[in-house]
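Undergrad: Quick one: this structure, given as C-alpha cells, is what I'll be asking you about.
Every number in this text was worked out from the coordinates using simple rules, so none of it is lab data. Computed from a prediction, not measured in an experiment: that's the story for all the values here. Using ideal geometry, Cβ is built from the backbone for each residue, glycine included, and neighbour counts are taken over all protein chains shown.
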C-alpha cells in the first residue's frame, strides 16, 4: 500500500474513533443512547441480533455487486473508492469496517436518531456520505437508504447490536470483495 491510502485509512480510523468517543461522552452526561427491551419480535440475544444484522447486510452486498457488474458508472465509482483506500489486507479491512460500524452507528443511530428521529438521521447520514462531484450522488442516495434501514433495525431491536453487525457486514464484505468484482467486471454478466 502506498503512503496516501495509508494516510486515508488512518484519517478514517481517527474520525470513526472520534464519533464513537463523542457518542459515549454525550451518553455519559445525557443518557441519550437507549437500550430498551424490544416491544415485540424475536427474542433478545447476542446471537439473534448478530444474525439479524448480518442477514440484513447480505442483500445490500448483493445489490452492490449487481450494481458494479451491470453499471459502468457504478464500476468507475467503485474503482475510485478502491484507489482512495488502496489495496487493503484482510485485517485492515476488518478493523476499518469495525471502527466505521461502531463509530457511525453509535453516533448516527445512538445519538442523532435519538435527537431528531429516524428519517432526519438517515438523511444526515446520507448527506455526510457525499463525495467530490456529482458522480458520487448514487453513493449518497445508497447511504441514505442504508441509513434508513439501519435506523429501522435500531428501532425494531431496541439497541445498537443489529445495526452495528449490519454496518460491519456491508463494509467488510464490500471492501473485501470489491477488488475481485472489479477484476471480473469486464466479463459479460452471467449469474450472481
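Undergrad: Would you calculate the separation in nanometres between label points at residue 176 and residue 155, each defined as 7 Å from the Cα along the Cα-to-beta-carbon direction?
TA: Roughly 3.1 nm, to one decimal.
Undergrad: Hey, another quick one. Could you put 70, 134 in order, starting from the residue whose Cβ has the fewest other Cβ atoms within 10 Å?
TA: 134, 70
Undergrad: Then there's this: Run the simple label-point estimate for residue 94 and residue 47 please: 7 Å along Cα→C-beta, distance reported in nm.
TA: 2.2 nm
Undergrad: Using per-residue counts of other Cβ atoms within 10 Å, averaged over each peptide, order 170-180, 144-154 from highest down.
TA: Ranked from most to least packed, the peptides come out as 144-154, 170-180.
Undergrad: Further question: For a quick check: sort 92, 76 by the number of other beta carbons within 10 angstrom, fewest at the front.
TA: In increasing order of surrounding Cβ atoms, one gets 76, 92.
Undergrad: Shifting gears a bit: What do the square roots of 5 times the Cα gyration tensor eigenvalues come to for segment 65-192, in whole Å, largest first, as semi-axes of the equivalent ellipsoid?
TA: That gives 27, 16, 13 Å for the three semi-axes.
Undergrad: Further, regarding this structure: Please order 129, 167 by the number of other Cβ within 10 Å, starting at the fewest.
TA: The order, fewest Cβ neighbours first, is 129, 167.
Undergrad: Now a separate question. If each of residue 135 and residue 71 carries a label point 7 Å out from its Cα toward its Cβ, how far apart are those two points in nm?
TA: Distance between the two pseudo-spin positions: 1.4 nm.
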